[in-house]
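We did not get these values from a lab; they are worked out from the coordinates using the rules stated. The structure presented is a predicted model; accordingly, all values stated were derived computationally and were not measured. Quick reminder, even Gly has a Cβ in these numbers, built from the backbone with ideal geometry, and neighbours come from all protein chains shown.
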Amino acid sequence: MGIVRDERFLGHKTGHTHPEHPNRLRTIYRMLDADFAEGLIRIEPEPVPLEYLELVHTPPYIEKVLKTADQGFTSLAPDTPASSMTYLAVWLAVGGCLKALDALLSGKCGACFSLVRPPGHHALPDRAGGFCVFNNLGVTARYAMRLHGIKRILVIDWDIHHGNGIQDLFYDEEEVLYLSFHDTFLYPYTGDLQEAGKGKGEGYTVNIPVPRELEDAEYLSLFCEIVGPVMRRYRPELILVSAGFDGHRDDPIGRSRLTEKAFRGLTDMLLSFSSEVNHPRILFALEGGYHFQALTGSVKEVLKALTDKSEHRDISLKRTDRVAKLLERAAKIHKKFGVWAD
């Protein structure tokens, strides 16, 4: 089990009251030292080479990010501040994900969690937004395809905000299947069920708008009945997880009802499904989560699932009427594409 961590991520200063605060990682790193002092493989991030960053981002935008080093405090977007060391943190965030992928594909570890900041799934090729500067997993997916020849990548996004940046990057491609569980009434207000891809990518974008009232067992039932068929039909060679934890009931931005145990269940199910399709490598990258204790507890549950060697996984599922109706609507839209639903 690999971990990407680095104190230089803390150099991205956002201001005392901004939700995406360095203390998000400080509390996680303290938890790692207390509860996972042994058994994790430390992967040291390196700044992403420019040629790989340009697989996703435009040269003028990259230059704009670099110029933030000349200012003590500025903004790349109304909600995305930058400090003089932001450029290094964002370069390392992408680079850390690439180093994690290399470690996975070399067999150094079977799964990896990139505990980086800032997050990335809202970042577009030419602009920042939603606290995101560079699209960490977007670059990673492009890198996996171009450098490693991987042809089927499943991106699972369980952040409560829709990953519009990742969706836009791969919307007309079949090499990346983007599957997102999110609240469409939150930023960026995208990700409706009908947004399913275009051209060769029709059916390879799967958006599941999650009702705020769902509790753990209902959410896990929804996840189970979507992810299972997607995994079995698509048979990914690589899984990338946009691991946001702002769906926790204590999160100040998300408005959902999940507990940290839900994220243990999500990870357990993901591991179980992957065992059915030849154990593709799994890379988790930190996205949202803004209540420090809830975030840390949720990350801890994911790591416990990833390091637990036992086969028994006790997951409580509850298929309520609202879950069944959402599943029926999703299947009705996607049946015509034949990607995962018949």
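In region 162-199, how many are outside any loop (DSSP other than H, G, I, E, B) and of a type outside the set (S, T, N, Q)?
Our first condition is that a residue be outside any loop (DSSP other than H, G, I, E, B); within region 162-199, this holds for 164-170, 176-182, 199.
Filter again for of a type outside the set (S, T, N, Q), leaving 165-166, 168-170, 176-179, 181-182, 199.
Of the residues in that region, 12 qualify.
When you scan region 225-245, how many residues do you find that are closer than 22 Å to HIS161 by Cβ, in contact with a helix residue (DSSP H, G or I) (Cβ under 8 Å, 6 or more places away or on another chain), not polar (S, T, N, Q) and not in a helix (DSSP H, G or I)?
Step one: list which residues in region 225-245 are closer than 22 Å to HIS161 by Cβ, which gives 226-227, 230, 239-245.
When the remaining residues are screened for being in contact with a helix residue (DSSP H, G or I) (Cβ under 8 Å, 6 or more places away or on another chain), the result is 226-227, 239-243, 245.
Filter once more, so that each one left must be not polar (S, T, N, Q): 226-227, 239-241, 243, 245.
Those still in the list that are not in a helix (DSSP H, G or I) too: 239-241, 243, 245.
Adding up the residues that qualify gives 5.
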Problem set entry | Residue list for region 137-161, restricted to those being within 10 Å of the chain's Cα centre (by Cα) and in a loop (DSSP other than H, G, I, E, B) | TRP158, ASP159
Exercise. Within the bounds of region 175-185, is there any residue that is in contact (Cβ under 8 Å) with a residue 40 or more places away in the chain, in contact with a Lys or Arg (Cβ under 7 Å, 6 or more places away or on another chain) and among the charged types (D, E, K, R)?
Worked result: yes
For this session: Hey, can you tell me all the residues within region 200-216 that are β-branched (Val, Ile, Thr) and either within 23 Å of ARG255 (Cβ to Cβ) or assigned to a helix (DSSP H, G or I) (or both)?
Result: VAL206, ILE208, VAL210
For this session: Considering each residue of region 77-97, count those that are out of contact with any Lys or Arg (no Cβ under 7 Å at 6 or more places or on another chain), touching a residue at least 24 places away in the same chain (Cβ under 8 Å) and buried (at least 20 other Cβ atoms within 10 Å of the Cβ), and give that number.
Result: 10
Problem set entry | Criterion (touching a helix residue (DSSP H, G or I) at 6+ places or on another chain (Cβ under 9 Å), crowded, with 20+ Cβ neighbours inside 10 Å and closer than 18 Å to PHE245 by Cβ) met by exactly one of VAL48, VAL4 | VAL4
For this session: Being more than 13 Å from ILE160 (Cα to Cα) and among the polar types (S, T, N, Q) is the filter; apply it to region 189-224 and report the residue that is surrounded by the most Cβ atoms within 10 Å (Cβ to Cβ).
Result: THR205
Exercise. If the Cβ limit is 7 Å and pairs must be 6+ apart or interchain, which residue in region 243-268 that is on the phi < 0 side of the Ramachandran plot and surrounded by fewer than 24 Cβ atoms within 10 Å (Cβ to Cβ) pairs with which residue that is in a loop (DSSP other than H, G, I, E, B) and of a type in the set (S, T, N, Q)?
Worked result: ARG249/SER256; ARG249/THR259
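Inside region 29-121, counting only strands (runs of 3 or more DSSP E) that do not spill past its ends, which hold 2 or more residues that are in contact with a Pro (Cβ under 8 Å, 6 or more places away or on another chain)?
Numbers: elements: 41-43, 73-77, 80-83, 111-114.
The qualifying strands (runs of 3 or more DSSP E) are 73-77.
Based on what the data block shows, is HIS18 closer than 15 Å to PHE134 by Cα, out of contact with any Ser or Thr (no Cβ under 9 Å at 6 or more places or on another chain) and assigned to a loop (DSSP other than H, G, I, E, B)?
Numbers: closer than 15 Å to PHE134 by Cα: no; out of contact with any Ser or Thr (no Cβ under 9 Å at 6 or more places or on another chain): yes; assigned to a loop (DSSP other than H, G, I, E, B): yes.
No.
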Seminar exercise, completed: Out of (1) surrounded by fewer than 20 Cβ atoms within 10 Å (Cβ to Cβ); (2) over 23 Å from GLY254 (Cα atoms), the one ILE282 does not meet is (1)
